[in-house]
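*Asks:* Sharing a structure here in structure tokens format.
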Amino acid sequence: MSTYMQLGQAAIQARNTEEAVTWFTKLVEEEPKNAQALSCLGQSLCWLGKREQGLVHLRNAGKQLLKSAKKTKDVALPILLAEQLQYWEDYPGALDLARQVVQINSAELGGFRLLAVTYLRLNQNKLALAAARQALKLAPDNAVINILLAPLEAADGQRDVAKQRLEKVLNGQLSPEQSYRAHKELALILDKQAQYSGVFPHLHAAAEASALIPEVQNQDAQMVPNMIKANKAGFDHALLSRWADAEFPDSPAPIFLVGFLRSGTTMTQEVLGAHPDVFVSDETDFIPALSNELKKLSGNVGSTIDQLKNIDFAGVLHLRQLYWELAKSRFGDNAKRRFYLDKTTMNTIDLGLINCIFPDAKVVFVIRDPRDICLSCYMQIMTPTASTIQLLNWQNTASFYALTMDWWLHFKQLTTMDFIEFRYEDAVTDFEGTYRQVFDFLGLDWHPDVINFHQSAAKKHIVSPSFNQVTQPLYATSVARWQRYQSEFTSISPLLEPYINIFGYRTIN
């Protein structure tokens, strides 16, 4: 192992990513065809927020690995590299690798699984189905492949086949994650088949399985609830208005699109993003990056509230500049758009921090019937994070919703930012009337392209779990969906009723 590689890996172990980039860059300069060096440099740059640069090196690493794989027929490393590209949301790059992997070794199960997942995330369901079927031929009894194939069959109209497949899988020996996914997918299929009595037993079984998933167990379940409680206690008008009268001539504020998970923020981002003057950044980590930088500026002393109370104006300017550096690194010249929309749904939790740094920002907040939100969240398969683990249990889902909405209702009375609220259901029943109000709020003229938002959405990768839903024309079947499961809401109604009333939804006894 070269000295540069050793130094780079030591820097990674010490969590000094900038230093790691320095060493890996020197190694790549010496050995430009070294796949490991290219991969390490690419990953490090991505971790630094320089995703566009990092992906170039990761793709080059993939090319080098393919050259070796063509000689040996061993495609394990190209598959791992493609999974890295998927992690960094470079699905076109992952697709290019996956296609070549299955050409090199058509007997490799992982290659077809990778190909199916990549096609799925690019909204190419027919090709995803074909790839999953090829994987099934190689491993007919493989639980992972069967769980992947079933929802693709269901989307293709073969719901009975998909249902039987999942029922068979659930009769076998499964890991907690496999059991969780199989139960969730079966619940979704039963819902589509209007077999409503069978849905919640599988959702509750999925909840039980999720508690045993290591990635779930490793999360701090109290971190986000405690953060929200601290925000409500600590953010007051004096703190939020500290820089309200300041001018930021060379540092504009983004537009923030927020709400609660499954509230309609993804549909809204696609509607707004269909306007030629708007660029949407979809589910970024820029605000957490600002929070981390704030900690560094304060020497890691005190809470976020304390740090914001003590930061000076130069510090605020620095944080704003960092935000745009991250945006430019990720999106290039698109970050310079006058109407730059940051859609990261659960930035709702960090609205206090956002207000202090961007007091001149505009906020679009999407509301939806609390019962439909809770139902949709509970039915959704989500990657475990500090926020999403709150949604694995039915009672916890309602508690987390109530806690978040209580924070929003408190915050909006104190904020210096201009904001607009609108209800998802109003957008469904009066699309143009509702979104005209949003465009007016943003200072944008109406544009006819937004009516066909689903057409542009179908051509790109969308981070949200609802990526496959916003590629369809607007439909009303998701409105009042909760009524099919009224009996299940008895246990959580006390938590939701205040928000049902506040947001103007009708209670049905």
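*Asks:* Quick one: if you take sqrt(5λ) for each eigenvalue of the C-alpha gyration tensor of segment 141-218, what semi-axes come out, biggest first, whole angstrom?
*Replies:* 20, 15, 10
*Asks:* Give me the number: length gained by fully extending S175 to T385, i.e. 0.36 nm times residue separation minus the C-alpha to C-alpha distance, one decimal in nm. Mind showing how you got there, number by number?
*Replies:* Numbers: separation 210, 0.36 × 210 = 75.60 nm, distance 1.94 nm.
73.7 nm is the gain from fully extending S175 to T385.
*Asks:* If you don't mind, there's one more thing I want to ask. Tell me, what is a quarter of the convex hull surface for the C-alpha atoms of segment 370-424, in nm² with one decimal? Could the numbers behind the result be given before it?
*Replies:* Details: hull surface 18.5 nm².
Seen from a random direction, the Cα hull of segment 370-424 projects 4.6 nm² on average.
*Asks:* Taking the inverse of the average 1/r across all pairs of different Cα atoms in segment 300-415, what Kirkwood radius in Å do you get? Kindly include the intermediate steps, with their values, before the conclusion.
*Replies:* Details: mean 1/r = 0.0601 Å⁻¹.
When all Cα pairs of segment 300-415 are included, the Kirkwood radius is 16.6 Å.
*Asks:* Also, quick follow-up: Using alpha carbon centroids, what distance separates segment 384-454 and segment 134-181, in Å?
*Replies:* Cα centres, segment 384-454 to segment 134-181: 34 Å.
*Asks:* Let me ask another. Give me the one-decimal Kirkwood hydrodynamic radius in Å for segment 181-232, with the sum taken over alpha-carbon pairs.
*Replies:* This gives a value of 12.9 Å.
*Asks:* Which far-off residues, 5 or more places away or on another chain, put their amide H under 5 Å from the one on S241, with H placed in the peptide plane?
*Replies:* none
*Asks:* Continuing with this model, one more query. Where does the chain land at 222 nm, in deg cm²/dmol rounded to the nearest 500, when only DSSP H runs of n ≥ 4 count, each adding -39500 (n - 2.57), divided by all residues?
*Replies:* Working: 26 runs with 302 residues, N = 509.
Estimated from H runs of four or more residues: -18500 deg cm²/dmol.
*Asks:* Any chance you could list the semi-axes, whole Å, largest first, of the equivalent ellipsoid that the Cα gyration tensor gives for segment 341-395, using √(5λ)? Spell out each step's value before the answer.
*Replies:* Working: eigenvalues 132, 37, 17 Å².
Gyration-tensor ellipsoid for segment 341-395: 26, 14, 9 Å.
*Asks:* Still on this structure, please answer the following. What would the Debye equation give as log₁₀ I(q)/I(0) for the chain at q = 0.08, 0.11, 0.13 Å⁻¹, counting only Cα atoms as equal point scatterers?
*Replies:* -0.55, -1.09, -1.49
*Asks:* From zero up to wherever the largest Cα-Cα distance of segment 1-138 sits, split into 5 Å bins and tell me the percent of pairs in each.
*Replies:* 2, 12, 20, 19, 18, 12, 10, 5, 3, 0
*Asks:* What Kirkwood hydrodynamic radius do you get for segment 223-502 when you take the inverse of the mean 1/r over all pairs of distinct Cα atoms, in Å?
*Replies:* Values: mean 1/r = 0.0512 Å⁻¹.
That comes to 19.5 Å for segment 223-502.
No value in this document is a laboratory result; all are computed from the given coordinates. Treat the numbers as computed from the prediction; the structure is a model and nothing was measured.
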